[in-house]
Amino acid sequence: MPRNTLKLAVALAVLATPLLSACGGSSAAADDKSVTVYSADGLKGENGDGWYDRVFKDFEKQTGIKVKYVEGGSGEMVQRAVREKANPQADVLVTLPPFIQQADGKGLLQKYAPKGADQVAAADKAADGTWTSVVNNYFGFVYDKKELKPAPTTWEQLLDAKFKNRLQYSTPGVAGDGTAVLVKAMHDFGGKDAALEYLKKLQANNVGPSASTGKLAPKVDKGELLVANGDVQMNYAQSKTMPNLGIWFPARQGGRPTTFALPYAAGLVTKAPHSDNGRKLLDFMLARQAQEQVSEIGGGFSSRTDVKATDANATALTKLMTGVEVFQPDWADIDKNLTAYVDAWKAATGS
């Protein structure tokens with residue numbers, strides 16, 4: 001989810017001009033040495049040191065195909081692809097659930113199983129072959145380690161007055177991680193109504209809407225916020241340069257901390273202007289070499305079950321997840337009822 005306003009402005013400017021001329025209409029065929037990726041943020045580094053940075057550089061060197069990259073919130077990227085459906089500009093779409101399911105349901109993705117997809121667990125890919133996880137990940141929260149000692153552990157603690165205007169989560173229905181707040185709350189509180197009752201109370205402390213999750217972590221590191229939502233891969237990578245950033249998983253008072261898988265899922269866009277290049281990039285991202293770099297470089301989890309990372313990051317991530325209950329959301333239900341859930345959240349919080 002875009003790291004800062006400047007990056008978003010640059011990305012939108014790139015999308016509005018060169019991408020349209022390079023990938024739209026009759027000029028697309030001429031520009032056969034490019035591939036355009038629309039992606040949720042989190043995999044591209046602040047300083048060119050993220051997993052995408054390495055993979056795209058290696059892909060360009062090996063194939064001569066230039067990667068054109070546009071990032072935003074998961075919902076934002078799907079909405080953009082919907083608007084362009086009659087004249088697609090993207091070749092590959094990468095989003096978090098439930099937006100990858102939403103994209104599939106809207107006919108935005110064509111069937112393609114990348115090489116190596118047979119090593120991806122069934123839960124991490126579409127049964128009809130329209131999308132496949134390229135990086136596994138888990139939902140989480142971040143807190144300011146400098147100001148909050150001990151670390152927060154429960155949802156209920158966040159209702160304390162000390163968090164007023166120093167707590168923020170990204171917007172459900174727009175950001176993947178923001179939607180995840182609603183998914184986790186519904187699970188932890190035992191249903192939609194109880195979750196919305198809690199989130200209504202939490203709104204007294206919430207700074208307000210945010211289209212992107214990625215820009216919240218720097219605010220926590222600087223002490224502007226005490227708590228925000230996020231995800232393990234993105235926040236772990238950010239913590240390398242943000243020393244005050246801590247990752248945690250809220251629990252109900254007296255209960256266990258919980259989380260759920262929130263993978264970066266990739267699919268080939270229907271009628272993509274450079275479908276062959278899109279297939280090549282998907283194959284490359286799921287190849288063993290790139291998957292072995294997921295934890296070492298990106299701070300995430302390989303989506304291939306046959307890749308067993310042993311690097312320092314993988315060890316730290318395993319420790320971080322110890323004792324955390326991982327549940328499986330009903331993505332079919334969430335995809336079907338997402339609009340209704342988001343509308344109910346808006347009504348409850350006045351957002």
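The values are calculated or read from the model by the stated rules, or taken from the named source; none is laboratory data. Given the structure is predicted, the values throughout are model-derived calculations rather than measurements. Every residue, glycine as well, gets a Cβ built from its backbone with ideal geometry; the counts of neighbours run over all protein chains shown.
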- request: Might you let me know whether the stretch 119-132 holds any residue that is within 20 Å of the chain's Cα centre (by Cα), under 21 Å from VAL326 (Cα atoms), modelled with pLDDT of 95 or more and hydroxyl-bearing (Ser, Thr, Tyr)?
  value: yes
Unmet requirement for ALA272, which otherwise passes all of (1) in contact (Cβ under 8 Å) with a residue 60 or more places away in the chain; (2) out of contact with any helix residue (DSSP H, G or I) (no Cβ under 7 Å at 6 or more places or on another chain); (3) part of a loop (DSSP other than H, G, I, E, B): (2)
message: I'd like to know if the stretch 167-177 contains one or more residues that are of a type in the set (Phe, Trp, Tyr), in a loop (DSSP other than H, G, I, E, B) and closer than 24 Å to SER74 by Cα.
response: yes
statement: Result of the Cβ filter at 7 Å on the stretch 289-307, keeping first residues that are over 10 Å from VAL135 (Cβ atoms) and partners that are part of a loop (DSSP other than H, G, I, E, B) and among the β-branched types (Val, Ile, Thr), at least 6 apart or interchain, is GLU292/VAL307
task: Name every residue in the stretch 27-79 that is out of contact with any Gly (no Cβ under 9 Å at 6 or more places or on another chain) and of a type in the set (Gly, Ala, Ser), in order of residue number.
output: SER27, ALA28, ALA29, ALA30, SER34, GLY48, GLY64, GLY72
message: Please go through (1) touching a Gly at 6+ places or on another chain (Cβ under 9 Å); (2) modelled with pLDDT under 95; (3) of a type outside the set (Phe, Trp, Tyr) for GLU296 and return the number of the only condition it doesn't satisfy.
response: (1)
query: Regarding SER351, is this residue touching a Ser or Thr at 6+ places or on another chain (Cβ under 9 Å) and in a loop (DSSP other than H, G, I, E, B)?
result: yes
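Given the condition modelled with pLDDT of 90 or more and either touching a Phe, Trp or Tyr at 6+ places or on another chain (Cβ under 9 Å) or outside any strand (DSSP E or B) (or both), answer yes or no: does some residue in the stretch 14-29 qualify?
Quick first cut of the stretch 14-29, residues modelled with pLDDT of 90 or more only: none.
Within the stretch 14-29 (the criterion being modelled with pLDDT of 90 or more and either touching a Phe, Trp or Tyr at 6+ places or on another chain (Cβ under 9 Å) or outside any strand (DSSP E or B) (or both)), the answer is no, since none of the residues qualifies.
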message: Considering only residues that are small (Gly, Ala, Ser) and out of contact with any strand residue (DSSP E or B) (no Cβ under 8 Å at 6 or more places or on another chain), which ones fall in the stretch 76-120?
response: ALA86, GLY105, GLY107
message: Restricting to the stretch 135-157, and then to whatever is touching a helix residue (DSSP H, G or I) at 6+ places or on another chain (Cβ under 6 Å) and either of a type in the set (A, V, I, L, M, F, W, C) or part of a helix (DSSP H, G or I) (or both), can you tell me which residue is nearest to ILE100 (Cα to Cα)?
response: VAL135
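So that you can scan it fast, the table gives a plain yes or no per residue for (1) on the phi > 0 side of the Ramachandran plot; (2) crowded, with 22+ Cβ neighbours inside 10 Å; (3) more than 14 Å from the chain's Cα centre (by Cα):
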{"residue": "ALA161", "(1), (2), (3)": "no, no, yes"}
{"residue": "ALA175", "(1), (2), (3)": "no, yes, no"}
{"residue": "LYS215", "(1), (2), (3)": "no, no, no"}
{"residue": "VAL220", "(1), (2), (3)": "no, yes, yes"}
{"residue": "GLN233", "(1), (2), (3)": "no, yes, no"}
{"residue": "TYR236", "(1), (2), (3)": "no, yes, no"}
{"residue": "LEU245", "(1), (2), (3)": "no, yes, yes"}
{"residue": "GLN253", "(1), (2), (3)": "no, no, yes"}
{"residue": "PHE260", "(1), (2), (3)": "no, no, no"}
- line: Scanning the stretch 187-201 for residues that are part of a helix (DSSP H, G or I) and in contact (Cβ under 8 Å) with a residue 60 or more places away in the chain gives HIS187, ASP188, LYS192, LEU196, GLU197, LEU199, LYS200
query: How many residues does the stretch 208-221 hold that are in contact with an Asp or Glu (Cβ under 8 Å, 6 or more places away or on another chain), assigned to a helix (DSSP H, G or I) and of a type outside the set (A, V, I, L, M)?
result: 1
task: Take the stretch 156-213 and flag every residue that is of a type in the set (A, V, I, L, M) and under 17 Å from GLU224 (Cβ atoms).
output: LEU158, LEU167, VAL207
- prompt: Between a first residue in the stretch 311-327 that is within 21 Å of ALA185 (Cβ to Cβ) and a second residue that is charged (D, E, K, R), which pairs have beta carbons less than 7 Å apart while being 6 or more apart in sequence or on different chains?
  reply: GLU325/ARG256
- request: Being assigned to a helix (DSSP H, G or I), among the hydrophobic types (A, V, I, L, M, F, W, C) and more than 11 Å from PHE141 (Cβ to Cβ) is the filter here, so list the residues in the stretch 222-262 that pass it.
  value: MET234, ALA237
